[in-house]
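**Student:** Pasting a structure below so you can have a look.
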Amino acid sequence: MAHIEINSNLCKSCYLCINACPFGLIKKSAETGKTGEYTVEFYDKEKKCTACASCAMSCPDIAITGVFK
Amino acid sequence: MQTYAKPKSIKENSSFTFCSGCDHGLAIKLVAQVIDELNIQRDTIAVSSSGCSVFLYDFLDVDCVEAPHGRACAVATGVKRAHRAKGNNKIVFTYQGDGDFASIGLGESIHSALRGENITAICINNTNYGMTGGQLGPTTPMGQITATSPLGRNKEYHGFPIQTVQHIAICEGTCFCARVALYDIKNIYNAKKQIKKAFEYQQKGLGFSFVEILSSCPTNWKLSPIDSHKKIEEELTKIYPLGVYKDIDHE
Amino acid sequence: MTERELLKGNIAIAKASLIAGCECYFGYPITPQTEIGEYLSLEMQKRHLAYVCAESEIGAINMALGASAAGAKVMVSSSSCAVALMQETISYACADELPFVLVNVMRAGPGQGYIYPSQGDYNQATVGGGNGDYHTIVLSPSTVQECADLTYRAFYLSQKYRNPAIILADGLLGQMSESAVIKEYPYEEIDNSDWILNGASDRLSRNIHSLEPSQLKLNEHNVNLKRKYTLIENQEPMYEEYFCEDAEIIITAFGSMARYTKEVVNHYREKGIKLGLFRPITLYPFPYQQLRKLSYSAKLFVDIEMNLGQMLKDVQLSALSNVQTAFIGKPTGDWLKKEEITGVIDNLLKDKNANIR
């Protein structure tokens, strides 16, 4: 099952990954991170993720540490 | 199956010290991916510079020497030539901001290109001096408000910005130069492709290769990371058009 | 290799650098040192070594920084106002502990000055124009033979201490010809394999930088550098004494000026006046202790320089309180003649006749 791994400790809440995902599978989480803003979480109820890694490629902090198919 | 992993050439347990959404992180990651793909981590020597780019050695797991402000291309020339004199073929690249490459260091940059110095230079153009708080720099577009152009850049008061990549393109020793951006996934992949080409040309010994990366500075632009990327797409690429400006393989 | 030749000081430096194993030379033309770069341009190319006609002195010294980081033996040569341009990178090199040899064949200043010989860069070399707590090793040749011999020593000391070393010559020495022997390199090679940047193939990656955001580490780094400088100050002072053992009057002079003062010493010795010459060869580290020893028996130090009194303060620092100091100097042009010097010393002798014989 395709999914991504997020290291919330590295997330600076820029939300570029939210913008990058073609299926809108990343959203703000309820947790706040190092900047005091909400971090992000992966939410793929309908199994739409294709492991394209657009989110990971767009993350300036390498907080998305792995993408799996 | 893993389709993406943290680049090997990024140091374990390192975390970028850049502001939220800053394109420096993206740019360094792309360089690391290219180093991994070309399998040159053990043969690469990086030259860091002054400004936000200064901490490169904290993130990138390659040998690295720091250059005084603006002198990265001269320092890289020394590293490359010294290794050549010893019979070693090392990959040497600089990682600089636009202030470093195109203002204080313009002389060193242009002359490295003119000599056809077989090094690669990566220049992060974020249209201001980011680390000191967003002052007017060599690439600040007309009209942009900065900490030292509070009423916006105008030609009577501040003069004109520099088109860096075009200047490098007219140097005969330049084998490859391109301007890229990182505002969407298509451009990110394209940027990586051009950075890779620049390194490959160095491997082939073709001369000076250069990539200018139009980058965001959300903190000093006072925009969100997403709006910063929008600004690059809608405004900056009109002033600083993207593309390959020189490629001796296609001439 | 060991034949006596008629050589210009500049050429002696260039030839010696090749024997010392110089692998990289970076330069930009400026009178009166240009022959060094001209000579090496062909010799380096013939040997497939690195030679760059740099875009500026700033470019040249930063190429030296990079080549040094890559582990090469490096030399840069220039003169006064252009060495002024290099001060930032000299400070970086000291902070980064990167060795190279910088030759300064002095001309007259301040500013553009002119190409007349001078010793006006004593302060620039020994005190430095860069920022922070740092020192460069400074060697001052007085003959063409020493131009060669001290080039060897500059390479050796810079490698040994991982610190830039300056050869402080002057236009007179650079341009004059005299007989000299280019000997074999007399020093051991220093192993630099534990710090150079040659790709992290079988080790962790290294980085060389002076930037240090941690107060603690930055303080520690400065203290470590200071420790190194103290070691240099204890181990490396070099000097020449000429008729000093019983001297009541000591002339102090360095570089080309010192050779003229030997005539002055001979002049007074013939008259039975106990006068000697003390010549510091290392200007940093300055031989304070050695000169101080002479102040037990001497009553007067006469410092003579082709400037307006730059080494004078170091001479004064060395002198015990029983010793008077006097200064004779001029900033540039024709070197001070024997008669100009003896004229002043004769007057000093008259004044001091009561206690100086």
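The values are calculated or read from the model by the stated rules, or taken from the named source; none is laboratory data. All values reported here derive from a predicted model rather than from experimental measurement. Positions of Cβ are backbone-derived with ideal geometry, glycine not excepted, and every protein chain shown enters the neighbour counts. Keep in mind that these areas ignore ligands, DNA and RNA; they rest on the heavy atoms of the full protein, side chains included. Shrake-Rupley method; radii C 1.70, N 1.55, O 1.52, S 1.80 Å.
**Student:** Just the number, please: Stokes-Einstein D of the stretch C:288-357 in µm²/s, Kirkwood Rh from C-alpha pairs, 4 °C, 1.567 mPa s.
**Tutor:** 100 µm²/s
**Student:** Please report, in whole Å, how far the alpha carbons of chain C spread along each principal axis, starting with the longest.
**Tutor:** Result, largest extent first: 73, 49, 38 Å.
**Student:** Separate question: Tally the DSSP beta bridges in the protein assembly as shown and give the antiparallel ones as a percent, rounded to 5. Each step should come with its number before you reach the end.
**Tutor:** On the way: 31 of 94 bridges.
Within the protein assembly as shown, antiparallel bridges account for around 35 percent of the total.
**Student:** Considering amide H positions built from the backbone, and no H for Pro or chain starts, which residues 5 or more places from B:A121, or on another chain, come under 5 Å of its amide H?
**Tutor:** Close amide H contacts, sequence-distant or interchain: B:T94, B:S209, B:F210, B:V211.
**Student:** Based on Cβ point charges of +1 for Lys and Arg and -1 for Asp and Glu, what charge dipole magnitude is obtained for chain B about its Cα centre, in debye rounded to the nearest 20?
**Tutor:** 280 debye
**Student:** Figure the gain on full extension for C:Y296 and C:K228 (residue separation times 0.36 nm, minus the Cα-Cα span) and round it to one decimal in nm.
**Tutor:** Values: separation 68, 0.36 × 68 = 24.48 nm, distance 2.98 nm.
Residue separation times 0.36 nm, minus the Cα-Cα distance, leaves 21.5 nm.
**Student:** Related question: If you put +1 on each Lys and Arg Cβ and -1 on each Asp and Glu Cβ, how big is the dipole of the protein assembly as shown around its Cα centre, in Debye rounded to 20?
**Tutor:** Here the size comes out at about 740 debye.
**Student:** Less than 19 Å from a label point 7 Å out along the Cα-to-Cβ axis of C:K46: which backbone N atoms in the stretch C:19-35 qualify, by residue?
**Tutor:** Only C:19-26, C:35 fall inside the zone, counting backbone N under 19 Å.
**Student:** Same structure again: Please report, in whole Å, how far the alpha carbons of the stretch C:249-311 spread along each principal axis, starting with the longest.
**Tutor:** 34, 26, 18
**Student:** Another one. Roughly how crowded by other chains is peptide B:45-57, in terms of the mean Cβ count from those chains within 10 Å of each of its Cβ atoms?
**Tutor:** 3
**Student:** Also: Tabulate in residue order the Karplus-calculated ³J(HN,Hα) for the stretch B:174-191, using 6.51 cos²θ - 1.76 cosθ + 1.60 with θ = phi - 60°, rounded to whole Hz; enter x for Gly and Pro.
**Tutor:** In residue order, the calculated couplings are 6, 9, 7, 8, 8, 10, 10, 9, 10, 7, 8, 5, 5, 5, 4, 5, 5, 4 Hz.
**Student:** Per DSSP H run of n ≥ 4, the term is -39500 (n - 2.57); total these for the protein assembly as shown, divide by its residue number, and report the mean residue ellipticity at 222 nm rounded to 500 deg cm²/dmol.
**Tutor:** -10500 deg cm²/dmol
**Student:** Find how much the distance from B:Q135 to B:L151 grows on full extension, using 0.36 nm per residue of separation minus their present alpha carbon separation; answer in nm with one decimal.
**Tutor:** My answer for the length gained is 4.5 nm.
**Student:** Another one. Name the residue, out of B:V47, B:V62, B:V180, whose mean-square fluctuation peaks in a Gaussian network model built on chain B with Cα pairs under 10 Å.
**Tutor:** Highest fluctuation of the listed residues: B:V62.
**Student:** If you don't mind, another one. Taking the Cβ-Cβ separation of A:E31 and B:K186 as r and a Förster radius of 51 Å, what is the calculated FRET efficiency to the nearest 0.05?
**Tutor:** Approximately 0.95, to the nearest 0.05.
**Student:** Now for a separate question. Using per-residue counts of other Cβ atoms within 10 Å, averaged over each peptide, order C:113-122, C:63-72 from highest down. Don't jump to the answer; show the numbers that get you there.
**Tutor:** Details: C:113-122: 22.0, C:63-72: 31.0.
Averaged packing, sorted descending, gives the order C:63-72, C:113-122.
**Student:** What residue among C:L49, C:L216, C:L197 has the largest mean-square fluctuation in a Gaussian network model of chain C, using Cα springs under 10 Å?
**Tutor:** C:L216
**Student:** How would you rank C:96-106, C:34-44, highest first, on the average number of other Cβ atoms within 10 Å across their residues?
**Tutor:** C:96-106, C:34-44
**Student:** So how much slack lies between C:E240 and C:L204, counting 0.36 nm per residue of separation and subtracting their Cα-Cα distance, in nm?
**Tutor:** 8.3 nm
**Student:** If one takes the accessible area of chain A alone plus chain B alone and subtracts that of the pair, with a 1.4 Å probe, what total in Å², rounded to the nearest 100, results? The partial results should precede the final answer.
**Tutor:** Working: alone 4500 and 11290 Å², together 13720 Å².
Approximately 2100 Å², summed over both chains.
**Student:** Per-residue mean of other chain beta-carbon atoms within 10 angstrom of the beta-carbon, peptide B:105-112? Can you show the working numbers first?
**Tutor:** Values: counts 3, 0, 5, 7, 1, 1, 6, 4.
If you average over the peptide's residues, the count of other-chain Cβ atoms is 3.
**Student:** Dividing the Cα convex hull volume of chain B by residue count, how many Å³ per residue is that?
**Tutor:** 127 Å³
**Student:** Modelling each spin label as a point 7 Å along the Cα-to-Cβ direction, I'd like the C:D133/C:T31 distance in nm, to one decimal.
**Tutor:** 4.3 nm
**Student:** Sticking with this structure for a sec: Averaged across A:11-22, how many Cβ atoms of other chains sit within 10 Å of each residue's Cβ atom?
**Tutor:** 5
**Student:** Moving on. Go from 0 up to the bin containing the longest alpha carbon distance in the stretch A:3-68, width 10 Å each, and give me the % of pairs per bin.
**Tutor:** With 10 Å bins starting at 0, P(r) equals 25, 59, 16, 0.
**Student:** Sticking with this one: For chain C, what's the relative contact order in percent, using C-alpha pairs closer than 8 Å and at least 6 residues apart?
**Tutor:** 17 percent
**Student:** Which FRET efficiency value, to the nearest 0.05, do you get for C:Q112 and A:M1 by plugging their Cβ-Cβ distance into 1/(1 + (r/R0)^6) with R0 = 51 Å? Don't skip to the end; give the middle numbers.
**Tutor:** On the way: r = 74 Å, r/R0 = 1.46.
Here the calculated transfer efficiency is 0.10.
**Student:** Could you state how much accessible area B:R42 has, in square angstrom rounded to the nearest 10, with a 1.4 Å probe and all protein chains kept in place?
**Tutor:** Approximately 90 Å² for this residue.
**Student:** Over chain B, what is the mean sequence separation of C-alpha contacts under 8 Å (at least six apart), divided by residue count, expressed as relative contact order in percent?
**Tutor:** 19 percent
**Student:** If the limit is 26 Å between Cα atoms, which of C:K15/C:K73; A:K28/B:K196; B:K86/C:K160; C:K15/C:K228; A:K12/B:K246 go over it? Write out the running numbers ahead of the final one.
**Tutor:** Working: C:K15/C:K73 14 Å; A:K28/B:K196 34 Å; B:K86/C:K160 20 Å; C:K15/C:K228 30 Å; A:K12/B:K246 36 Å.
Distance filter (> 26 Å) returns A:K28/B:K196; C:K15/C:K228; A:K12/B:K246.
**Student:** Something else now. Please pull out the direction-averaged projected area of the stretch C:78-123, using the convex hull of its alpha-carbon atoms, in nm² to one decimal place.
**Tutor:** 3.2 nm²
**Student:** In percent, what relative contact order does the stretch B:94-154 have, based on Cα pairs under 8 Å that are 6 or more apart in sequence?
**Tutor:** In percent, rounded to a whole number, it is 30.
**Student:** As a test of the definition: which semi-axes, in Å, follow for the stretch C:239-352 when you take the square root of five times each eigenvalue of its alpha carbon gyration tensor? Largest first, please.
**Tutor:** Over the Cα atoms of the stretch C:239-352, the semi-axes work out to 18, 17, 13 Å.
**Student:** Under 15 Å Cα-Cα from B:K222, which aspartates and glutamates qualify once same-chain neighbours fewer than 8 residues away are excluded?
**Tutor:** List returned: B:D23.
**Student:** Also, quick follow-up: Highest first, please rank the peptides C:187-194, C:23-30, C:266-273 by the mean number of other Cβ atoms sitting within 10 Å of their residues.
**Tutor:** C:23-30, C:266-273, C:187-194
**Student:** Still on this structure, I have one more. Where in the stretch A:17-51 are there chymotrypsin sites (Phe, Trp or Tyr not before Pro) that are in a DSSP coil and have at most 15 other Cβ atoms within 10 angstrom of their Cβ?
**Tutor:** A:F23, A:Y43
**Student:** List, in order, the whole-Hz ³J(HN,Hα) value for each residue of the stretch C:234-251 obtained from phi through the Karplus relation with A = 6.51, B = -1.76, C = 1.60 and θ = phi - 60°; use x for Gly and Pro.
**Tutor:** These are the phi-based 3J(HN,Hα) values: 7, 9, 10, x, 10, 7, 10, 10, 10, 6, 9, 4, 10, 5, 9, 10, 10, 8 Hz.
**Student:** Using a/c under 1.5 as the rounded threshold, could you call the stretch C:78-163 rounded, prolate or oblate? The axes a ≥ b ≥ c are square roots of the C-alpha gyration tensor eigenvalues, and prolate needs a/b larger than b/c, oblate otherwise.
**Tutor:** oblate
**Student:** What number of lysine-lysine pairs in the stretch C:239-352 show an alpha-carbon separation below 12 angstrom, given a sequence spacing of 8 or more or placement on distinct chains?
**Tutor:** Number of lysine pairs found: 4.
**Student:** Where the only charges are on Cβ atoms (+1 Lys, Arg; -1 Asp, Glu), what is the dipole of the stretch C:239-352 about its Cα centre, to the nearest 20 debye?
**Tutor:** 120 debye
**Student:** In the stretch B:11-75, what percent of the accessible surface is made up of carbon and sulfur (1.4 Å probe, ligands and nucleic acids excluded)?
**Tutor:** Reported share for carbon and sulfur atoms: 43 percent.
**Student:** For the protein assembly as shown, take the convex hull of the Cα atoms, compute a quarter of its surface area, and give me that in nm², please.
**Tutor:** Numbers: hull surface 136.2 nm².
Over every viewing direction, the Cα hull of the protein assembly as shown projects on average to 34.0 nm².
**Student:** Okay, moving on. Distance from the Cα centre of the stretch C:159-177 to that of the stretch A:1-48, in angstrom?
**Tutor:** If we compute the Cα centre of each part, the gap is 61 Å.
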